[in-house]
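The values are calculated or read from the model by the stated rules, or taken from the named source; none is laboratory data. Quick caveat: nothing in here was measured; it's all calculated off a predicted structure. Cβ: placed from backbone, ideal geometry, glycine included. Neighbour counts: every protein chain shown. Please note that ligands, DNA and RNA were not included when accessible areas were found on the heavy atoms of the full protein model with its side chains. Shrake-Rupley method; radii C 1.70, N 1.55, O 1.52, S 1.80 Å.
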Amino acid sequence: MEYRVVQWNERERAGELHPQLMHARPELLEPPFVANPVPMPDDFPFFFYILDGDAIAGYRRAVPDVAVINGEDTAWAWNFDLFIEPEYRGKGIGKRLVVQQVEEFSRRSIVSGAAFSAPATLRIYERLGFRVLGHAPRLALVRNVRPFLASRPRGRGGWPELAPLGNAALWVIRRLRAVANATQPVLVKAIDRERFAREFTRMGGHRMTRHWARSVDWLFARMGDDDRLLAITTAQSDTPLGVLVIRDRVVRETSASGVDYSVRRATVMDFATIDDGDETMKALATALECYLEQSGADMVDMVTSRPSLISALQSYGFGKRGVGMSFAYKTPVGGADDGNDALSDWHLTHNTSDGFLLA
């Protein structure tokens, strides 16, 4: 079997350089994410595959990004889309692709990064020497239990008659938690792109010591028709404490019993705040509850690695739902990584893990 890599500037000569790939799967040479605003360098290796004669045994993709580590820009590559044809699985092809992909980026002094949720993937990266920094939880607050009751296996309709009682109980619990937290009144309102950009810049964008060079333009390029730009203010001041990008959409989910159901899910894709203080984080948590009530969504959720925000969300009744997100990366040999970072040093959100996929 032969390992092959496709550079970005080779696409026009793919018929000559990669004839088997062009014959079997030419669509794989199309841009992975048309809306990606990070430039694709000519020599960037964006596609990796294993060739067995004329058959494509497996492949993996990558896209460029820029990491900001302690104020310094660092070349970064997101690795994703590992696929092995069924007849070639169990032969070590996936591991070989990952190893050779990392070596390819290491020769170019590019950090290899991956965001994922499957525990099995976590173990693969650990064995390959990636720095696996832990697990960023997905935290959710539910307003309407009807969709989740419908997913229960009592017939195909679940237990919808219990929804009013369940929703009333949740409302009481939210009110009690709001009183217990005793924060100042918070307002959530829609803002236009111009004001969002201004406030995002004023707040310093992603101020954590390690994040990605995600500008306002990057966020706007990732936005879809279901995304909302919001500002968090107080009754005393119109100057925002934070800004949010929320994706408000109906999604299909499958329960543990195998029943499909629909949920109107409001997901925080990204955010910026004036600081990481407890009061600001509580205001953000309050704002999410306010949006949940105002929008009529069934639930609001977010992925975050910020300890102060996790604490604030949990104090407001947000619970862990699903597997959240794990994050791993590997620096080139001799790279500048000091090895002392923690998950809480990185700005992790839904945009980190699936911003490309949900464009």
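Relative contact order, whole percent, for the stretch 24-79 stands at 25, derived from Cα pairs under 8 Å and 6 or more residues apart.
Label separation (D260 vs D248): 2.6 nm, computed from points 7 Å beyond Cα along the C-beta direction.
Computed over the stretch 191-274, the quotient of the alpha carbon radius of gyration and 2.2 N^0.38 Å is 1.32.
On the stretch 1-146, 49 percent of the accessible area sits on carbon and sulfur atoms, based on a 1.4 Å probe. Taking only alpha carbon atoms, the stretch 1-51 gives an Rg to Rh ratio of 0.96, where Rh is the Kirkwood radius. Reducing the stretch 25-79 and the stretch 193-242 to their Cα centroids gives an inter-centroid distance of 27 Å.
Say R0 is 41 Å: what FRET efficiency, to the nearest 0.05, do R193 and K91 get from their beta-carbon distance? All intermediate terms of the calculation are to be shown ahead of the outcome.
Working: r = 49 Å, r/R0 = 1.20.
Calculated value: 0.25.
The simple Förster model, with R0 at 41 Å and r as the Cβ-Cβ distance, assigns S315 and H23 a FRET efficiency of 0.10.
Once the Cβ-Cβ distance of E126 and D81 is raised to the sixth power relative to R0 = 22 Å, the FRET efficiency obtained is 0.60.
To the nearest 10, the accessible area of K320 is 150 Å² with a 1.4 Å probe. Using a Gaussian network model of the chain with C-alpha springs under 10 Å, which one of W76, W218, W346 is most mobile by mean-square fluctuation? Comparing W76, W218, W346 in a Gaussian network model of the chain, the most mobile one is W218. Give the average over all directions of the projected area of the C-alpha convex hull of the stretch 76-134, one decimal, in nm². Averaged projected area of the stretch 76-134's Cα convex hull equals 4.3 nm². Sorted from longest to shortest, the spans of the Cα atoms of the chain along the three principal axes equal 66, 54, 35 Å. For the pair F220 and E279, the difference between a 0.36 nm per residue extended length and the Cα-Cα distance amounts to 18.4 nm. Probing with 1.4 Å while keeping every protein chain in the model, the per residue accessible area of the chain equals 45 Å². Surface listing: D225, D276 arranged by accessible area from highest to lowest gives D225, D276, probe 1.4 Å. With both labels modelled 7 Å from their Cα along Cα-to-Cβ, the Y3 to R207 distance reads 4.3 nm.
Sequence-distant contacts, meaning Cα pairs under 8 Å at least 6 residues apart, place the relative contact order of the chain at 21 percent.
Starting from the coordinates of the alpha-carbon atoms of the stretch 237-279, obtain the Kirkwood hydrodynamic radius over all distinct pairs and give the value in Å to one decimal. Don't jump to the answer; show the numbers that get you there.
Details: mean 1/r = 0.0760 Å⁻¹.
Here the Kirkwood hydrodynamic radius works out to 13.2 Å.
Hydrodynamic radius of the stretch 1-92 by the Kirkwood approach over all distinct alpha-carbon pairs: 14.4 Å.
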